[in-house]
Amino acid sequence: MRPLPPTLRENRRYILIKIEAGELTQKDIYRAAADSVRDLFGDVGASKIHPAVIWSEEDFAIVRCSRGHELEMTAALACVTKAGGNPAVFRTVKTSGTVLGAKKGISVEKRYHNED
């Protein structure tokens, strides 16, 4: 089976989040985000948003969603209060159309908080 050409693929958006919690695995982050999406928008909304955690390192993670549903995804991420059994806060830093663009927000975020 051949992959779909780029013109037929679903467009996605990537949201860089800063995680304020203890040690979390990528699976813990995904479960917290997916549960929050499902709680706010139900199963039908979650199927339209397609949440996925595609990268995580230290205090940052990149969450993928369908284009046009970025606001719903950021709202769901803002509602997270617990991840991996511990209190947690997910704060949206940047939304981008590419993973590389989202990762550029890490250096800006670190530089902004180091000036304090």
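The values are calculated or read from the model by the stated rules, or taken from the named source; none is laboratory data. What you see is a predicted model; the values in this text were computed from it and never measured. Please note: Cβ atoms are built from the backbone with ideal geometry, for glycine as well, and neighbour counts cover all protein chains shown. In case anyone asks, the SASA skips ligands and DNA or RNA and just uses the protein heavy atoms, side chains included. Shrake-Rupley method; radii C 1.70, N 1.55, O 1.52, S 1.80 Å.
Taken one residue at a time, the phi angles of region 78-90 give Karplus couplings (6.51, -1.76, 1.60, θ = phi - 60°) of 5, 8, 5, 10, 9, 9, x, x, 10, x, 8, 10, 10 Hz. Gly and Pro are set to x. Pick out, from ALA32, HIS113, PRO51, the residue whose Cα sits farthest towards the positive end of the charge dipole of the chain, with +1 on the Cβ of Lys and Arg and -1 on the Cβ of Asp and Glu. Value computed over the given set: PRO51.
Using the Kirkwood radius built from alpha carbon pairs, what does the Stokes-Einstein equation give as D for the chain at 10 °C and 1.306 mPa s, in µm² per second? It would help to have the intermediate numbers written out before the result.
Working: Rh = 14.6 Å.
D = 109 µm²/s.
Looking at region 11-116, the trypsin sites (Lys or Arg not before Pro) that sit in a DSSP loop and have at most 15 other Cβ atoms within 10 Å of their own Cβ are ARG67.
Taking the Cα centre of the chain as origin and charging only Cβ (+1 Lys, Arg; -1 Asp, Glu), how large is the dipole, in debye to the nearest 20? Numbers along the way, then the final one.
Numbers: 18 positive and 15 negative charges, 122 e Å.
With only Lys, Arg, Asp and Glu charged at Cβ, the dipole is about 580 debye.
The accessible area of THR7, taken with all protein chains in place and a 1.4 Å probe, comes to roughly 130 Å². Accessible area per residue for the chain is 64 Å², calculated with a 1.4 Å probe on protein heavy atoms, without ligands, DNA or RNA. If the segment from LYS27 to ARG67 were pulled out straight at 0.36 nm per residue, it would be longer than the present Cα-Cα gap by 12.1 nm.
Of the GluC sites (Glu not before Pro) found in region 1-89, those that fall in a DSSP loop while having at most 14 other beta-carbon atoms within 10 Å are GLU10, GLU23, GLU58.
Element breakdown for the chain at a 1.4 angstrom probe: carbon and sulfur atoms account for 51% of the accessible area. The mean of 1/r over all distinct Cα pairs in region 49-89, once inverted, gives the Kirkwood hydrodynamic radius of 11.2 Å.
Rounded to the nearest 20 Debye, what is the dipole magnitude of region 2-46 about its Cα centre when Lys and Arg each give +1 and Asp and Glu each give -1 at the C-beta? It would help to have the intermediate numbers written out before the result.
Details: 8 positive and 7 negative charges, 77 e Å.
Roughly 380 debye, rounded to the nearest 20.
Between VAL93 and VAL44, the FRET efficiency from the beta-carbon distance, with R0 = 30 Å, is close to 0.60. Residues MET1, MET73, ordered by accessible area of protein heavy atoms at a 1.4 angstrom probe radius and largest first, appear as MET1, MET73. Each label was represented as a point 7 Å from its Cα along the Cα-to-Cβ direction; for GLU10 and SER107 these points are 3.2 nm apart. Surface calculation, 1.4 Å probe, protein heavy atoms: VAL44 sits at approximately 100 Å² accessible.
Expressed as a rounded percentage, what relative contact order does the chain have, with Cα pairs under 8 Å and six or more residues apart? Mind showing how you got there, number by number?
Working: 180 pairs, mean separation 42.3, N = 116.
Over the chain, the number comes to 36 percent.
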